[in-house]
Amino acid sequence: MDILIINVPSVSLVYPAAAPSLLKGVCEQAGFTASVADFNLQLFDALDGTTQTSVSNYFTVRSSIGNEDQKIINDWYDSCVNQILEINPKFLGISVFTFECQRATEELAQRLKGLYTGKIIIGGAGLSTNGIASEKNDFGTRLVEEKLVDFFIRGEGEHALVEILRKNSSTVSGLNNDDYVQITNLDDIAFPNYDDVIDLPYRYTSNVEKQLPITSSRGCVRSCTFCDIHAFWKKYTFRSGANVAEEMIHQYNKYGVTNFFFTDSLINGSIKSFRELYKTLNQYYADNNLGDKFFTWGGQYIVRTPTQLNADDFAGAARSGMNGLAMGIESLSENVRDHMKKGFSNADLDFTLEQIRLNGMNCYFLIIIGYPTETVEDFQETLESFTKYQGYAIDGTIFGVNLGGTLSIDEGTPLHLNSVDLGLDFTSDSGAGTLFGLDWVDQQNKDLTLLERCRRRVSTQELLMNLGYTVWNGDHQLTRLMRSYDRITRNSYHS
Amino acid sequence: MIELHEIPITVKIHLEHSDYNDTNGWPLVQIDWNDTVIGRYEANCDVIEFKIVQDVTRETSVLRFHHYGKNYIAEDKWVEVKKMYINNIDLQHVTWDSVQHAFIPPWDNESSGVLHSNLYLGHNGYVEWQFKNPLLLDIQKRLGKHVEQIHGQETTREVLEKVKEYFWNQ
């Protein structure tokens, strides 16, 4: 075995992780043997709800843990090590999907030291702790320096991994450095190979038998002030719609899967590719006597103007099975959205919502409460607009709202980079070093204190629950918000 | 500040009806909301639109759609409810969840005049729909659109109240 690619806690169980199976396909395309093991699922599959939460917190927020749960984790580590030693691949690839995978990655590498003789490679967005766009990745660099791993790959892994396997590692950009170069032609990359994970017991949502992730683009066409995606992916790259449709049809023919979740930051960044995708799918259905919506597919979606995506586009996309659109609406105040550079008006949103309803689709709102420029009037406008849109929640057009944990300033975002010019400052003298997270106040909008932001967040949730919206993840977000507030006011947030 | 339940709700009733007749005119329609007459209309259009306001002191709200003014001279008058929208929400099957009360002449001892899920009014009478308050949440429930939350993504009143108390006591 040339390479074993694994993923580690803590990541979602709702479908197989995209990266390991994609990299398996890429390695095989280059003539190497590769296998995928989902160690994350192996750990969580056997746990009940309470233990699962406790064990997950051990990895994600590094909470302390009882002896019984520690034994579960130790046994799991032993099992992982044994499996790796038994397979004994020349290379071990660990997918560090987010910073919440760092603890498991590090502890597993420590346990492999002196036992496993192959090379360990790590990669993924979790190489950086303070946001994907951090100039330097702290985690990968440290693990290489401590000789716990041999390589980290910053940026995309498809080319770098193959070059490592070919022993051409000296030529690879982003290998043990942060100077990664983006891949421009995504259509040339192999399709993911899910053979090793397709039959595993993922927690697919209730109405879906199996679901696979798919990626049609990297980066974003917008440059929102609070977001770091465009800082990490300097260029928006995308696959042709025909190539994406070909992958979906390939996975259907191979595994019988008809439901796909797009992992992209947006599925309609390239309108040309988006149109080509739904038209290719509709043609495939017609050519093979399959009904409309034979596949279902969805993901993150940006609101476009009616001249960019018209009623025919919505009808065509719905016919091809598009549904479940997660839309970064962020605020229902146009003033706030303009400052964010979201690039759509209230009229565009009205049009989009009505088209989604008319075509029998549904969507999900992502919202940020307490943006620096948000005035009382802006906030009131958001509340009134949620009231105006209530009908869409009642008939299921809006199937959920994620209110987040108020605005957090992440490294690499325009808000972070321009914080001085924007008048953003620490809430107190506690802040040492770089401004980040929730510990900020806008000197030009002083009424928007941290407490006011927290209260607005709570009030919005209360209104939405009264209106019949389904608010997702509210308990976790509010509890975390309360803890963060407490730490900021006690000057322990940055320690 | 206006309370949520005080915000007017728009109702649209889509109709089919008999044609205009020089002798009989158009079918006549009356809308009642909680025993109050909202309006009287000639059914010479495809849609009747009106506004209502919830009375949350009542457990149930009642909407009635009357057909009236038909007599032995006006035998070909009829009106039928085809679809209903409340704040642009298509009531779908909830539209059929109704009871029709026909006005029966005193000499007819055979029929009760009560018909379930019949939206065609070929005689004088009314169709009645009942909704629990708050109206829109009742519709959401009856449409089956309430979303069950998945494990780990919950939002509960209990946590909301706890956090609310925390932040309002700061």
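The values are calculated or read from the model by the stated rules, or taken from the named source; none is laboratory data. Given the structure is predicted, the values throughout are model-derived calculations rather than measurements. Ideal geometry is used to build each Cβ from the backbone, glycine not excepted, and the neighbour counts take in all protein chains shown. For the accessible areas, the whole protein counts, side chains as well, though only heavy atoms, and no ligand, DNA or RNA atoms are used. Shrake-Rupley method; radii C 1.70, N 1.55, O 1.52, S 1.80 Å.
Some points to look at:
- For the condition of a type outside the set (Phe, Trp, Tyr) and farther than 19 Å from A:Ile398 by Cβ, A:Gly299 does not qualify.
- The set of residues in segment A:141-154 being open to solvent by 20 Å² or more (accessible area, probe 1.4 Å) and within 26 Å of the chain's Cα centre (by Cα) consists of A:Thr141, A:Arg142, A:Val144, A:Phe151.
- Listed by first and then second residue, the pairs linking a residue in segment A:240-262 that is part of a helix (DSSP H, G or I) to a residue that is modelled with pLDDT of 95 or more and basic (Lys, Arg), with Cβ atoms under 8 Å apart and 6 or more places separating them unless they lie on different chains, are A:Gly241/A:Lys272; A:Gly241/A:Arg275; A:Gly241/A:Lys279.
- Selection count, segment A:269-279, where residues are within 20 Å of A:Tyr236 (Cα to Cα), assigned to a helix (DSSP H, G or I) and open to solvent by less than 40 Å² (accessible area, probe 1.4 Å): 4
- Residue among A:Arg490, A:Arg455, A:Arg483 that is modelled with pLDDT of 90 or more, open to solvent by 10 Å² or more (accessible area, probe 1.4 Å), over 30 Å from B:Glu3 (Cβ atoms) and within 14 Å of another protein chain (Cβ to nearest Cβ): A:Arg483
- Failed item, numbered, when A:Ser63 is tested on (1) assigned to a helix (DSSP H, G or I); (2) surrounded by fewer than 17 Cβ atoms within 10 Å (Cβ to Cβ): (1)
- Residue within segment A:390-407 that is among the charged types (D, E, K, R), buried (at least 20 other Cβ atoms within 10 Å of the Cβ), touching a residue at least 24 places away in the same chain (Cβ under 8 Å) and out of contact with any strand residue (DSSP E or B) (no Cβ under 7 Å at 6 or more places or on another chain) present: no
- Scanning segment A:107-138 for residues that are open to solvent by 30 Å² or more (accessible area, probe 1.4 Å), more than 14 Å from A:Phe39 (Cβ to Cβ) and outside any loop (DSSP other than H, G, I, E, B) returns A:Gln110, A:Lys119, A:Ala125, A:Asp138.
- If the condition is being open to solvent by 10 Å² or more (accessible area, probe 1.4 Å) and hydroxyl-bearing (Ser, Thr, Tyr), then segment A:458-467 contributes only A:Ser459.
- Of the residues contained in segment A:430-448, none is found to be at the interface with chain B (Cβ under 10 Å from one of its Cβ atoms) and either over 19 Å from B:Phe167 (Cα atoms) or in contact (Cβ under 8 Å) with a residue 12 or more places away in the chain (or both).
- Helices (runs of 4 or more DSSP H) wholly inside segment A:347-443 containing at least 3 residues that are charged (D, E, K, R): A:376-388
- Boolean, A:Leu212 is open to solvent by less than 30 Å² (accessible area, probe 1.4 Å) and at negative phi: yes
- The set of residues in segment A:1-15 being open to solvent by less than 30 Å² (accessible area, probe 1.4 Å) and either of a type in the set (D, E, K, R) or touching a strand residue (DSSP E or B) at 6+ places or on another chain (Cβ under 7 Å) (or both) consists of A:Asp2, A:Ile3, A:Leu4, A:Ile5, A:Ile6, A:Asn7, A:Val8.
- Segment B:116-156, subset charged (D, E, K, R) and either closer than 28 Å to B:Val37 by Cβ or at the interface with chain A (Cβ under 7 Å from one of its Cβ atoms) (or both), residue most open to solvent (accessible area, probe 1.4 Å): B:Lys132
- The listed residue being open to solvent by less than 30 Å² (accessible area, probe 1.4 Å), away from every other protein chain (no Cβ under 14 Å) and of a type outside the set (Ser, Thr, Tyr), out of A:Met361, A:Met340: A:Met340
- Qualifying residues in segment A:24-71 (those that are closer than 28 Å to A:Thr479 by Cβ and among the basic types (Lys, Arg)) - the one modelled with the lowest pLDDT: A:Arg62
- Subset of segment A:437-452 [over 19 Å from A:Ile367 (Cα atoms) and open to solvent by 20 Å² or more (accessible area, probe 1.4 Å)]: A:Val441, A:Gln443, A:Gln444, A:Asn445, A:Lys446, A:Asp447
- Scanning segment B:43-84 for residues that are at pLDDT below 95, among the charged types (D, E, K, R) and either surrounded by fewer than 13 Cβ atoms within 10 Å (Cβ to Cβ) or more than 13 Å from B:Gly125 (Cα to Cα) (or both) returns B:Asp55, B:Arg58, B:Glu59, B:Glu75, B:Asp76.
- Every pair of residues 6+ apart whose Cβ atoms lie under 6 Å, when the first sits in segment B:78-107 and is within 14 Å of another protein chain (Cβ to nearest Cβ) while the second is open to solvent by 50 Å² or more (accessible area, probe 1.4 Å) and not basic (Lys, Arg): B:Lys83/B:His14
- Answer from B:Lys70, B:Lys83 - the residue that is touching a strand residue (DSSP E or B) at 6+ places or on another chain (Cβ under 6 Å) and either of a type outside the set (Gly, Ala, Ser) or not in a strand (DSSP E or B) (or both): B:Lys83
- Residues of segment A:280-326 that are in contact (Cβ under 8 Å) with a residue 12 or more places away in the chain, closer than 20 Å to A:Gly256 by Cα and not in a loop (DSSP other than H, G, I, E, B): A:Thr280, A:Leu281, A:Asn282, A:Tyr284, A:Tyr285, A:Thr296, A:Trp297, A:Gly298, A:Arg319, A:Met322.
- Residues of segment A:468-480 that are at the interface with chain B (Cβ under 7 Å from one of its Cβ atoms) and assigned to a helix (DSSP H, G or I): A:Gly474, A:Asp475, A:Leu478, A:Thr479.
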